[in-house]
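The values are calculated or read from the model by the stated rules, or taken from the named source; none is laboratory data. All values reported here derive from a predicted model rather than from experimental measurement. Quick reminder, even Gly has a Cβ in these numbers, built from the backbone with ideal geometry, and neighbours come from all protein chains shown.
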Amino acid sequence: MTKKNIIQKIDAAGLVGRGGAGYPTAQKWMAVKNALKYKQIASIVVNGAEGEPGVKKDGYLLAHKTEEIVNGVFLAYQFLGSAKTKKVYFFLKAEYYKAYSKKIKEVLKNKKYKLFASRVEFFSKPETPSYICGEETAIVNIIEGRRPAPRLKPPYPADSGMNYHPTLINNVETFYNVSLIDKGKYEGKRFYTLTGAVKHHGVFCLPADMSAEEVLRATNNYPGFDFFVMTGGEVCGELLRSDQLQAPVEGSGLLMVFDDKKTDHKKLLDYWFKFYETESCGACTACREGTYRLRELTSKSEYDKQMFNDLIHNLEESSLCSLGSSLPVTIKSYFENIN
Ligand code: SF4
């Protein structure tokens with residue numbers, strides 16, 4: 001297989017990143033490759049941070065598909081070139097680091113990985129903040145020994161990441177899919193985490209273009225009671241009514257079902273605001289102060305709706321990273337669709 005071949009295969013498969021943003025994988029790989037025309041050294045980061053609460057798919061893949069994940073990373077290393085790819089980092093959620101780093105090291109003992117394995121390093125994600133430590137520029141900061149906070153983009157890591165060198169950062173599931181594509185086994189599927197008021201919790205592999213309703217039915221989880229659903233992530237997702245489930249599941253591929261009658265809506269709102277307030281890295285005023293003010297406002301029975309809308313609007317317009325800009329999606333979809 002030539003290096004050119006793998007990028008054509010990824011492009012033809014239409015693979016997008018499975019970390020949540022859904023960026024086309026071939027474009028990202030080519031951006032790093034192009035940056036190497038004028039820079040000497042590249043790095044690869046395997047993002048196994050899985051910071052969105054409730055999402056379990058990367059843990060499942062690390063446990064059950066270790067060889068394929070390593071093979072996918074190796075293909076990226078070959079594509080960028082062993083002469084230039086000096087470091088390969090496995091950046092894993094702390095519990096995944098404890099459970100699976102040995103397993104990955106065992107796979108790396110294969111003699112075909114000899115030089116590649118000598119360039120691999122492992123990092124355990126800090127426990128707090130959890131969500132933001134999975135953001136790609138925050139990961140770069142953490143590995144470099146800096147404060148765990150996102151960087152202003154651009155420049156993007158593909159052009160200027162680790163120590164200002166081009167850096168390819170892909171999610172665990174993305175590397176797994178690259179391996180399948182190389183072997184001609186990729187079928188356009190993705191991994192969904194089913195949680196909340198469902199009969200069958202867990203991780204399910206199904207077509208990536210399935211609607212939320214189809215995923216619930218295919219996993220035998222379609223509720224027989226009044227319900228609504230959080231799609232994408234458990235906190236940073238979109239809230240939809242049971243008659244709004246025709247679009248494919250975005251983000252991290254999570255579906256969380258709520259039993260409408262059994263859900264304490266006030267507690268739910270409070271949980272979301274507390275999460276964002278706790279997870280904010282504090283760099284942006286709208287996120288640092290706004291999440292706190294939103295929780296304070298909504299804790300009262302009567303509150304200033306104009307101020308509420310202004311705070312949400314400021315988060316939408318001025319957040320540096322996806323944490324701050326996700327809150328308006330969750331809250332607006334809740335008030336527009338559910339309550
Ligand atoms: S939006 Fe929030 S979490 Fe993201 S950089 Fe700004 S303060 Fe930090």
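Tabulated results
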read-out: Per-region count, region 291-322, residues under 25 Å from the mean Cα position of the chain (by Cα) and over 15 Å from Tyr271 (Cα atoms); value: 11
read-out: Pair list, Cβ < 6 Å and 6+ apart or interchain, from region 277-303 residues that are under 22 Å from Ala149 (Cα atoms) to residues that are assigned to a loop (DSSP other than H, G, I, E, B) and more than 7 Å from the ligand (Cβ to nearest atom); value: Glu279/Pro129; Glu279/Tyr131
read-out: Residue match in region 98-109 (condition: small (Gly, Ala, Ser), more than 16 Å from the ligand (Cβ to nearest atom) and at pLDDT below 95); value: no
read-out: Candidate set from region 84-115 (those that are aromatic (Phe, Trp, Tyr) and crowded, with 19+ Cβ neighbours inside 10 Å); member that is farthest from Pro150 (Cα to Cα); value: Tyr100
read-out: Any chance Gly196 is free of Cβ contacts under 8 Å to residues at least 24 places away in the same chain and over 24 Å from Ile139 (Cβ atoms); value: no
read-out: Residue in region 293-309 that is within 13 Å of the ligand (Cβ to nearest atom), in a helix (DSSP H, G or I) and polar (S, T, N, Q) present; value: no
read-out: Only listed residue being out of contact with any Pro (no Cβ under 7 Å at 6 or more places or on another chain), on the phi < 0 side of the Ramachandran plot, free of Cβ contacts under 8 Å to residues at least 40 places away in the same chain and not in a loop (DSSP other than H, G, I, E, B), chosen from Glu187, Glu214, Glu173; value: Glu214
read-out: Verdict on Leu320 being in contact (Cβ under 8 Å) with a residue 12 or more places away in the chain, within 16 Å of the ligand (Cβ to nearest atom), part of a loop (DSSP other than H, G, I, E, B) and of a type outside the set (Gly, Ala, Ser); value: yes
read-out: Among residues of region 115-126, those that are free of Cβ contacts under 8 Å to residues at least 40 places away in the same chain and within 16 Å of the ligand (Cβ to nearest atom), counted; value: 1
read-out: Test set (1) within 16 Å of Ile44 (Cα to Cα); (2) outside any helix (DSSP H, G or I); (3) of a type in the set (Ser, Thr, Tyr) - Ser130 fails condition number; value: (1)
read-out: Meets criteria (of a type outside the set (A, V, I, L, M), out of contact with any helix residue (DSSP H, G or I) (no Cβ under 9 Å at 6 or more places or on another chain) and more than 16 Å from the ligand (Cβ to nearest atom)) for Lys261; value: yes
read-out: Tally, over region 31-45, of residues that are over 14 Å from Tyr156 (Cα atoms) and free of Cβ contacts under 8 Å to residues at least 40 places away in the same chain; value: 2
read-out: Scope region 41-76; condition touching a His at 6+ places or on another chain (Cβ under 8 Å) and assigned to a loop (DSSP other than H, G, I, E, B); matching residues; value: Ile41
